[in-house]
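K.L.:
Got a structure here, written out as C-alpha cells. Questions coming.
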Amino acid sequence: MEYAIGAVIGLVIGAAVGYLLKPAGAEASPEAARGRAVADRAKSDPAFAAKLAAIEAGADVKPLTPPKPSGAALRMLALLQADSRLVDFLMEDIAGASDAQIGQAVRKVHADAQAALKRYAVIETVLGGTEGDTTTVARGFDPSAVRVVGNVTGEPPFTGQIQHPGWKVTQLKVSAPPEGADEFVLQPAEVQIT
C-alpha cells in the first residue's frame, strides 16, 4: 500500500514540479506528462478518480506488483521456429541474397509458418467484412479490438471503412513447457560432438 501511495504522490508532485520548472516552449518531462495523463483520466473516469481518492485517503489498496511475463507468446514463437525456422529467417542478413533466393525462402517459411499457426491457434478476424467495406462501430466498443482512426469526433456509433479487419486468437493450443525449462529460449543451441 505504501508503494501505491508513494507512486501516486510521486506522480502528482512530479507533474506539478515538472510543469512549474519547465522552460517556456520546452517539452514536458515524462513524469509531468504521466501526471497530466493521470489527472485527465481522473477527470473523465469516475471509477479511476474514486480509486485515486481511496489511495490518498489511505484505504487498504493492494500494492502494485509488476505482472509476471507470460511465456505463451514465446512458446508460440518457439513453435514457429521449430516448424518453419521463422526466427532464423527474420534474424538472417538477407542484404546479399538475390530476389530469387529470398522468394524461394519466403515461400517455404510462409507455407510452414501458416501451417504451424493453423495447427496451434484458432485465429479469426475481429470484424466481419473485408478492407474497404463500410462498417459501424457501436457505442461501448472494445478499443483493444477496434482502433478508430481518421476524423473522429463526437461519440459512437461511428461509421467508416474497414482499413484492416483485425486478427484475434480465439483458441491457443500451446502446451506448457516441461518443468524447469527456460521459456525465453526459443530454440536451444546445438553442438555436434565429434
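K.L.:
How many of the residues making up the range 97-107 are in contact with a helix residue (DSSP H, G or I) (Cβ under 9 Å, 6 or more places away or on another chain) and assigned to a loop (DSSP other than H, G, I, E, B)?
P.N.:
Here is the first cut: in the range 97-107, the ones in contact with a helix residue (DSSP H, G or I) (Cβ under 9 Å, 6 or more places away or on another chain) are 97, 105-106.
With the extra rule that they be assigned to a loop (DSSP other than H, G, I, E, B), the set shrinks to 97.
Residues that pass the stated criteria total 1.
K.L.:
May I ask you to list the residues in the range 132-155 that are of a type outside the set (A, V, I, L, M) and under 21 Å from the mean Cα position of the chain (by Cα)?
P.N.:
Gly140, Phe141, Asp142, Pro143, Ser144, Arg147
K.L.:
Given the criterion out of contact with any strand residue (DSSP E or B) (no Cβ under 6 Å at 6 or more places or on another chain) and exposed (fewer than 13 other Cβ atoms within 10 Å of the Cβ), identify the matching residue among Ser84, Ser175.
P.N.:
Sole residue among the options that is out of contact with any strand residue (DSSP E or B) (no Cβ under 6 Å at 6 or more places or on another chain) and exposed (fewer than 13 other Cβ atoms within 10 Å of the Cβ): Ser175.
K.L.:
So if I check each of Asp93, Asp83, which one is without any contact (Cβ under 8 Å) to a residue 60 or more places away in the chain, more than 24 Å from the chain's Cα centre (by Cα) and part of a helix (DSSP H, G or I)?
P.N.:
Criteria check complete, one pass: Asp83.
Throughout, read-outs are computed from the coordinates displayed, never taken from laboratory work. Quick caveat, the model's predicted, so the values are computed rather than measured. We place every Cβ from the backbone using ideal geometry, glycine too, and count neighbours over all the protein chains shown.
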